[in-house]
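Inspection log for the structure reproduced underneath, given as C-alpha coordinates.
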Amino acid sequence: MKKLLFIFSIILLNGVGQLSAQQLAQSTFVEEAKHYWNPAATGVDENMRTSLFFRQQWLGFGSSAPRTGFLSFQYPFIDMNMSAGAIINFDQTGPVSKKGLQLTYAYKLKEVLGEDSQLSLGINAGFQQYVFNPNSQIFNDENDILLQGSSSSALYPAIGAGIYFLSSTREYDENVFFAGFAFRNAFTTDVLINNTNQARERHVHFNIGTRVYQQNSFIEPSITVNYSKPDLLDIRAGLRYEMEEAFWAGLGYSTTNEVSFQGGVVLPEFGNRYGSLRIGGLGNFGISDNLTTLGPGFEIFIGYGYDLK
(Lines give C-alpha, C1' and ligand atoms only; values in the text may rest on other atoms or scores of the structure.)
Protein backbone atom coordinates (compact mmCIF):
# COMPACT_ATOMS: atom_id res chain seq x y z
CA MET A 1 0.00 0.00 0.00
CA LYS A 2 2.86 2.42 0.84
CA LYS A 3 4.51 1.68 -2.50
CA LEU A 4 1.27 2.42 -4.34
CA LEU A 5 0.83 5.75 -2.52
CA PHE A 6 4.45 6.70 -3.26
CA ILE A 7 4.17 5.90 -6.99
CA PHE A 8 0.84 7.73 -7.22
CA SER A 9 2.25 10.83 -5.47
CA ILE A 10 5.29 11.03 -7.77
CA ILE A 11 3.16 10.79 -10.92
CA LEU A 12 0.61 13.27 -9.57
CA LEU A 13 3.22 15.89 -8.67
CA ASN A 14 4.97 15.47 -12.00
CA GLY A 15 1.66 15.75 -13.83
CA VAL A 16 0.50 19.04 -12.34
CA GLY A 17 3.90 20.71 -12.47
CA GLN A 18 3.42 21.97 -16.03
CA LEU A 19 0.40 22.33 -18.27
CA SER A 20 0.12 23.42 -21.88
CA ALA A 21 -2.01 23.30 -25.00
CA GLN A 22 -5.13 21.18 -25.31
CA GLN A 23 -4.54 18.04 -27.39
CA LEU A 24 -6.80 15.36 -25.89
CA ALA A 25 -10.47 14.87 -26.59
CA GLN A 26 -12.99 16.82 -24.53
CA SER A 27 -14.85 15.07 -21.74
CA THR A 28 -18.53 14.18 -22.01
CA PHE A 29 -21.72 14.46 -20.01
CA VAL A 30 -22.16 10.68 -20.28
CA GLU A 31 -21.62 9.43 -16.72
CA GLU A 32 -20.54 5.94 -17.76
CA ALA A 33 -17.53 7.33 -19.65
CA LYS A 34 -15.96 8.84 -16.52
CA HIS A 35 -13.30 6.12 -16.21
CA TYR A 36 -11.86 7.16 -19.59
CA TRP A 37 -10.65 10.47 -18.13
CA ASN A 38 -10.01 9.32 -14.56
CA PRO A 39 -8.41 5.89 -13.94
CA ALA A 40 -9.50 6.02 -10.28
CA ALA A 41 -13.11 5.74 -11.50
CA THR A 42 -12.37 2.26 -12.88
CA GLY A 43 -14.74 -0.31 -11.40
CA VAL A 44 -15.94 1.83 -8.50
CA ASP A 45 -18.84 -0.55 -7.78
CA GLU A 46 -19.17 -4.35 -7.87
CA ASN A 47 -20.05 -4.68 -11.55
CA MET A 48 -17.95 -5.98 -14.40
CA ARG A 49 -18.53 -3.56 -17.29
CA THR A 50 -17.94 -3.32 -21.02
CA SER A 51 -18.52 0.05 -22.70
CA LEU A 52 -18.58 1.37 -26.25
CA PHE A 53 -18.52 5.14 -26.83
CA PHE A 54 -18.43 7.26 -30.02
CA ARG A 55 -18.58 11.04 -30.52
CA GLN A 56 -18.90 13.00 -33.76
CA GLN A 57 -18.49 16.79 -33.50
CA TRP A 58 -19.32 19.57 -35.96
CA LEU A 59 -21.42 17.73 -38.55
CA GLY A 60 -21.33 20.78 -40.80
CA PHE A 61 -17.53 20.77 -40.96
CA GLY A 62 -17.19 17.72 -43.20
CA SER A 63 -14.76 14.81 -42.94
CA SER A 64 -12.20 16.88 -40.99
CA ALA A 65 -14.49 17.30 -37.97
CA PRO A 66 -13.29 15.78 -34.66
CA ARG A 67 -14.24 12.15 -33.97
CA THR A 68 -13.56 10.26 -30.76
CA GLY A 69 -14.32 6.73 -29.58
CA PHE A 70 -13.28 4.00 -27.21
CA LEU A 71 -13.99 0.41 -26.21
CA SER A 72 -13.34 -0.40 -22.56
CA PHE A 73 -13.50 -3.23 -20.03
CA GLN A 74 -13.60 -2.87 -16.23
CA TYR A 75 -13.32 -5.65 -13.64
CA PRO A 76 -13.56 -5.18 -9.86
CA PHE A 77 -11.63 -7.57 -7.61
CA ILE A 78 -14.10 -7.23 -4.78
CA ASP A 79 -12.24 -9.19 -2.08
CA MET A 80 -8.98 -7.36 -2.86
CA ASN A 81 -10.45 -3.80 -2.84
CA MET A 82 -9.16 -2.99 -6.32
CA SER A 83 -10.18 -2.83 -9.95
CA ALA A 84 -8.45 -3.12 -13.30
CA GLY A 85 -9.41 -2.30 -16.85
CA ALA A 86 -8.33 -1.74 -20.43
CA ILE A 87 -9.29 0.94 -22.95
CA ILE A 88 -8.76 0.96 -26.71
CA ASN A 89 -9.30 4.48 -28.04
CA PHE A 90 -9.02 6.67 -31.10
CA ASP A 91 -9.30 10.39 -31.77
CA GLN A 92 -9.09 12.21 -35.10
CA THR A 93 -9.24 15.86 -36.12
CA GLY A 94 -8.35 16.72 -39.69
CA PRO A 95 -4.94 15.31 -40.64
CA VAL A 96 -4.05 14.32 -37.06
CA SER A 97 -5.22 11.04 -35.55
CA LYS A 98 -4.32 9.21 -32.35
CA LYS A 99 -4.90 5.57 -31.47
CA GLY A 100 -3.92 3.90 -28.25
CA LEU A 101 -4.24 1.23 -25.61
CA GLN A 102 -4.50 2.07 -21.92
CA LEU A 103 -4.36 -0.26 -18.91
CA THR A 104 -5.96 1.16 -15.77
CA TYR A 105 -5.71 0.21 -12.11
CA ALA A 106 -7.54 1.53 -9.05
CA TYR A 107 -7.09 0.69 -5.37
CA LYS A 108 -10.06 1.36 -3.06
CA LEU A 109 -9.75 2.63 0.49
CA LYS A 110 -12.95 1.79 2.36
CA GLU A 111 -14.58 4.00 5.00
CA VAL A 112 -11.59 6.33 5.40
CA LEU A 113 -13.75 9.47 5.23
CA GLY A 114 -16.99 8.17 6.68
CA GLU A 115 -19.11 5.06 6.94
CA ASP A 116 -19.66 3.35 3.56
CA SER A 117 -17.36 5.88 1.87
CA GLN A 118 -14.74 4.93 -0.71
CA LEU A 119 -11.57 6.71 -1.84
CA SER A 120 -9.96 5.28 -4.98
CA LEU A 121 -6.40 5.89 -6.18
CA GLY A 122 -5.85 5.14 -9.85
CA ILE A 123 -3.09 5.02 -12.41
CA ASN A 124 -3.11 4.32 -16.14
CA ALA A 125 -0.32 3.47 -18.54
CA GLY A 126 -0.08 2.53 -22.17
CA PHE A 127 0.91 3.88 -25.54
CA GLN A 128 -0.46 6.18 -28.21
CA GLN A 129 0.18 6.10 -31.94
CA TYR A 130 0.32 9.62 -33.35
CA VAL A 131 -0.40 9.81 -37.10
CA PHE A 132 -0.20 12.86 -39.37
CA ASN A 133 -1.70 12.48 -42.86
CA PRO A 134 -2.06 15.74 -44.89
CA ASN A 135 -3.59 14.02 -47.92
CA SER A 136 -7.06 15.19 -49.01
CA GLN A 137 -7.17 17.94 -46.37
CA ILE A 138 -8.76 21.34 -46.95
CA PHE A 139 -6.42 24.24 -46.10
CA ASN A 140 -6.06 27.98 -46.58
CA ASP A 141 -2.27 28.20 -46.86
CA GLU A 142 -0.92 25.82 -49.50
CA ASN A 143 2.66 26.75 -48.45
CA ASP A 144 2.20 25.55 -44.87
CA ILE A 145 5.30 23.46 -44.14
CA LEU A 146 3.23 20.92 -42.21
CA LEU A 147 1.38 20.07 -45.42
CA GLN A 148 4.44 19.71 -47.64
CA GLY A 149 5.63 16.34 -46.36
CA SER A 150 4.27 12.82 -46.51
CA SER A 151 2.35 10.91 -43.86
CA SER A 152 4.21 10.08 -40.64
CA SER A 153 3.50 8.17 -37.45
CA ALA A 154 5.18 7.21 -34.18
CA LEU A 155 4.43 5.56 -30.83
CA TYR A 156 4.60 7.49 -27.54
CA PRO A 157 4.01 6.54 -23.89
CA ALA A 158 0.79 7.64 -22.20
CA ILE A 159 0.72 7.77 -18.39
CA GLY A 160 -1.68 9.40 -15.94
CA ALA A 161 -3.19 9.17 -12.47
CA GLY A 162 -6.27 10.20 -10.53
CA ILE A 163 -8.27 10.06 -7.32
CA TYR A 164 -12.00 9.50 -6.95
CA PHE A 165 -14.17 9.79 -3.83
CA LEU A 166 -17.67 8.48 -3.09
CA SER A 167 -19.35 9.45 0.17
CA SER A 168 -21.36 6.21 0.05
CA THR A 169 -21.32 3.07 -2.07
CA ARG A 170 -24.91 2.18 -1.13
CA GLU A 171 -27.07 3.04 -4.13
CA TYR A 172 -30.71 4.06 -3.63
CA ASP A 173 -30.15 4.10 0.12
CA GLU A 174 -28.73 7.54 0.90
CA ASN A 175 -27.65 10.65 -0.98
CA VAL A 176 -24.16 10.48 -2.45
CA PHE A 177 -21.43 13.09 -2.95
CA PHE A 178 -18.67 12.34 -5.45
CA ALA A 179 -15.50 14.12 -6.58
CA GLY A 180 -12.57 13.21 -8.77
CA PHE A 181 -9.29 14.71 -9.93
CA ALA A 182 -7.04 13.33 -12.66
CA PHE A 183 -4.41 14.25 -15.21
CA ARG A 184 -3.16 12.65 -18.43
CA ASN A 185 0.10 12.76 -20.39
CA ALA A 186 2.21 12.81 -17.22
CA PHE A 187 5.46 12.59 -19.16
CA THR A 188 5.49 14.85 -22.19
CA THR A 189 7.33 14.16 -25.42
CA ASP A 190 7.86 16.06 -28.66
CA VAL A 191 6.05 14.86 -31.78
CA LEU A 192 8.17 15.39 -34.90
CA ILE A 193 5.98 16.12 -37.95
CA ASN A 194 7.83 16.91 -41.15
CA ASN A 195 10.71 18.46 -39.16
CA THR A 196 8.30 20.47 -36.98
CA ASN A 197 7.94 19.70 -33.26
CA GLN A 198 4.55 19.61 -31.55
CA ALA A 199 4.78 18.82 -27.85
CA ARG A 200 2.29 16.46 -26.21
CA GLU A 201 1.20 18.34 -23.08
CA ARG A 202 -0.38 17.51 -19.73
CA HIS A 203 -4.11 17.88 -19.11
CA VAL A 204 -6.11 18.19 -15.88
CA HIS A 205 -9.63 16.84 -15.34
CA PHE A 206 -11.83 17.61 -12.31
CA ASN A 207 -15.38 16.42 -11.60
CA ILE A 208 -17.72 17.02 -8.66
CA GLY A 209 -21.41 16.35 -8.04
CA THR A 210 -24.08 14.67 -5.98
CA ARG A 211 -26.91 12.16 -6.34
CA VAL A 212 -30.15 12.96 -4.54
CA TYR A 213 -32.27 9.81 -4.26
CA GLN A 214 -36.05 9.64 -4.13
CA GLN A 215 -37.28 6.05 -3.71
CA ASN A 216 -36.46 4.43 -7.09
CA SER A 217 -34.97 7.47 -8.87
CA PHE A 218 -32.32 10.15 -8.45
CA ILE A 219 -31.28 13.59 -9.67
CA GLU A 220 -27.58 14.21 -10.32
CA PRO A 221 -26.18 17.74 -10.74
CA SER A 222 -22.47 17.86 -11.58
CA ILE A 223 -19.66 20.15 -12.72
CA THR A 224 -16.65 19.06 -14.79
CA VAL A 225 -13.54 21.15 -15.45
CA ASN A 226 -10.95 20.43 -18.16
CA TYR A 227 -7.87 22.64 -18.09
CA SER A 228 -4.56 23.12 -19.85
CA LYS A 229 -2.28 26.15 -20.01
CA PRO A 230 -2.12 28.88 -20.97
CA ASP A 231 -5.80 29.70 -21.35
CA LEU A 232 -7.73 26.59 -22.42
CA LEU A 233 -10.47 26.06 -19.87
CA ASP A 234 -13.69 24.12 -20.43
CA ILE A 235 -16.28 24.06 -17.62
CA ARG A 236 -19.28 21.76 -18.03
CA ALA A 237 -22.42 21.91 -15.88
CA GLY A 238 -24.83 19.00 -16.17
CA LEU A 239 -28.10 17.77 -14.68
CA ARG A 240 -29.28 14.17 -15.03
CA TYR A 241 -32.39 12.29 -13.91
CA GLU A 242 -32.55 8.50 -13.78
CA MET A 243 -35.34 6.07 -12.99
CA GLU A 244 -33.97 2.81 -11.60
CA GLU A 245 -33.79 0.03 -14.22
CA ALA A 246 -35.80 2.11 -16.70
CA PHE A 247 -34.29 5.23 -18.34
CA TRP A 248 -32.23 8.39 -17.86
CA ALA A 249 -32.36 11.91 -19.31
CA GLY A 250 -30.23 15.01 -18.87
CA LEU A 251 -29.03 18.33 -20.17
CA GLY A 252 -25.78 20.25 -20.00
CA TYR A 253 -23.96 23.45 -20.83
CA SER A 254 -20.29 24.01 -21.64
CA THR A 255 -18.34 27.28 -21.52
CA THR A 256 -17.29 26.48 -25.09
CA ASN A 257 -20.84 27.71 -25.82
CA GLU A 258 -22.40 24.30 -26.37
CA VAL A 259 -25.75 23.00 -25.10
CA SER A 260 -26.48 19.29 -24.94
CA PHE A 261 -29.37 16.91 -24.33
CA GLN A 262 -29.01 13.23 -23.54
CA GLY A 263 -31.19 10.22 -22.83
CA GLY A 264 -31.12 6.47 -22.72
CA VAL A 265 -32.79 3.26 -21.63
CA VAL A 266 -31.78 0.67 -19.04
CA LEU A 267 -32.64 -2.98 -19.76
CA PRO A 268 -32.37 -5.00 -16.51
CA GLU A 269 -31.80 -8.76 -16.44
CA PHE A 270 -30.39 -8.60 -19.96
CA GLY A 271 -28.86 -11.98 -20.80
CA ASN A 272 -29.44 -13.24 -17.25
CA ARG A 273 -30.72 -11.95 -13.92
CA TYR A 274 -27.39 -10.30 -13.04
CA GLY A 275 -26.86 -8.42 -16.29
CA SER A 276 -27.95 -4.93 -17.35
CA LEU A 277 -27.71 -3.18 -20.72
CA ARG A 278 -27.59 0.62 -21.08
CA ILE A 279 -28.07 2.31 -24.46
CA GLY A 280 -28.03 6.08 -24.80
CA GLY A 281 -27.37 9.03 -27.02
CA LEU A 282 -26.46 12.71 -26.70
CA GLY A 283 -26.88 15.62 -29.06
CA ASN A 284 -25.16 18.99 -28.76
CA PHE A 285 -25.18 22.24 -30.68
CA GLY A 286 -23.35 25.55 -30.47
CA ILE A 287 -25.09 28.73 -29.41
CA SER A 288 -22.40 31.11 -30.68
CA ASP A 289 -22.18 32.21 -34.33
CA ASN A 290 -18.98 30.26 -35.01
CA LEU A 291 -20.20 26.98 -33.50
CA THR A 292 -23.59 27.30 -35.20
CA THR A 293 -21.79 27.41 -38.55
CA LEU A 294 -19.80 24.28 -37.70
CA GLY A 295 -22.98 22.34 -37.02
CA PRO A 296 -24.25 20.07 -34.23
CA GLY A 297 -22.65 16.91 -32.88
CA PHE A 298 -23.76 13.65 -31.33
CA GLU A 299 -22.57 10.87 -29.03
CA ILE A 300 -23.57 7.20 -28.76
CA PHE A 301 -23.05 5.01 -25.71
CA ILE A 302 -23.63 1.27 -25.18
CA GLY A 303 -22.69 -0.38 -21.90
CA TYR A 304 -23.20 -3.80 -20.36
CA GLY A 305 -22.80 -4.46 -16.65
CA TYR A 306 -22.73 -7.76 -14.76
CA ASP A 307 -23.17 -7.80 -10.98
CA LEU A 308 -20.38 -9.91 -9.41
CA LYS A 309 -21.66 -9.62 -5.83
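The values are calculated or read from the model by the stated rules, or taken from the named source; none is laboratory data. It should be emphasised that the depicted structure is a prediction, and the values quoted were computed from it without experimental measurement. Note: accessible area is taken over every heavy atom of the protein model, side chains too, but ligands, DNA and RNA are not part of it. Shrake-Rupley method; radii C 1.70, N 1.55, O 1.52, S 1.80 Å.
Structure data summary
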quantity	calculated
Cross-link partners of Lys108 among aspartates and glutamates (Cα-Cα below 19 Å; sequence separation of 8 or more within a chain)	Glu32, Asp45, Glu46, Asp79, Asp116, Glu171, Asp307
Sequence of Arg236, Arg273, Arg278, Arg170 from largest to smallest accessible area, 1.4 Å probe	Arg273, Arg170, Arg278, Arg236
Protein-only accessible surface order, largest first, of Tyr105, Tyr274, Tyr156 at 1.4 Å	Tyr274, Tyr105, Tyr156
Accessible-area order (highest first, 1.4 angstrom probe) of the listed residues Leu71, Leu121, Leu113	Leu113, Leu71, Leu121
